[in-house]
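Worksheet for the structure shown next.
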């Protein structure tokens, strides 16, 4: 295996990590819709943190190894249209995911405050916070951008 093959393998591994962690985080997001107690919210947060870390690792690895690969390969250039499209979509996905992480941290803060106050019963305010649409909308935007990146990487329009 050549050095270029290793970079390509790491790029693919990072992309697979990103997609897998995104699927995992969607499971947490959907589960949060039915979480009503502080304990449920905090338990899902522990699982969600694994998804958050692996999402960040996948995002950083995919872009770093992808750009490195575009520089290494003679057939591709960083300024090729499909590469620029992937970078722009990556930026959209990264910002949208960061914003969704911020939004999904709000119910966790509320759940921690409730536990600190000794309240463990279902909370209407916590349930509403878990079901807030803002984080969900950012997650949908990020997911759409990542699907478009995968399509762009497979078909390389204009290449």
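The values are calculated or read from the model by the stated rules, or taken from the named source; none is laboratory data. A quick note: this is a predicted structure, and the numbers were derived from the prediction, not measured. When we count neighbours, we look across all protein chains shown, and the Cβ atoms used for this are built from the backbone with ideal geometry, even at glycine.
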Next item on the list: Report whether or not residue 115 is in a helix (DSSP H, G or I) and either out of contact with any helix residue (DSSP H, G or I) (no Cβ under 8 Å at 6 or more places or on another chain) or closer than 25 Å to residue 8 by Cβ (or both).
Entry: no
Notebook entry, point to check: Does segment 124-147 hold any residues that are surrounded by 17 or more Cβ atoms within 10 Å (Cβ to Cβ) and either under 16 Å from residue 62 (Cβ atoms) or in contact with a helix residue (DSSP H, G or I) (Cβ under 6 Å, 6 or more places away or on another chain) (or both), and which are they?
Noted result: 126, 129, 130, 135, 138, 139, 141, 142, 143, 145, 146
Next item on the list: Mind counting the residues in segment 53-93 that are at pLDDT below 95 and within 30 Å of residue 32 (Cβ to Cβ)?
Entry: 0
Margin query: Checking residue 114 against (1) buried (at least 18 other Cβ atoms within 10 Å of the Cβ); (2) within 18 Å of residue 38 (Cα to Cα); (3) within 18 Å of the chain's Cα centre (by Cα): exactly one of these is not met. Which one?
Written below: (3)
Checklist line | Scope segment 102-111; condition surrounded by fewer than 18 Cβ atoms within 10 Å (Cβ to Cβ) and closer than 24 Å to residue 61 by Cβ; matching residues | finding: 102, 105
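Matching residues to (1) touching a residue at least 12 places away in the same chain (Cβ under 8 Å); (2) in a loop (DSSP other than H, G, I, E, B); (3) surrounded by 15 or more Cβ atoms within 10 Å (Cβ to Cβ):
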site	(1), (2), (3)
10	yes, no, yes
15	yes, no, yes
18	yes, no, yes
25	yes, no, yes
49	no, no, no
58	yes, no, yes
76	yes, yes, yes
Notebook entry, point to check: Of the residues that sit in segment 30-47 and are in contact with a helix residue (DSSP H, G or I) (Cβ under 6 Å, 6 or more places away or on another chain) and assigned to a helix (DSSP H, G or I), which one is surrounded by the most Cβ atoms within 10 Å (Cβ to Cβ)?
Noted result: 41
Next item on the list: Only residues that are closer than 25 Å to residue 82 by Cβ and not in a helix (DSSP H, G or I): list them for segment 118-159, please.
Entry: 156, 157, 158, 159
Notebook entry, point to check: If you take the residues in segment 60-74 that are surrounded by 16 or more Cβ atoms within 10 Å (Cβ to Cβ) and without any contact (Cβ under 8 Å) to a residue 24 or more places away in the chain, which one is nearest to the chain's Cα centre (by Cα)?
Noted result: 67
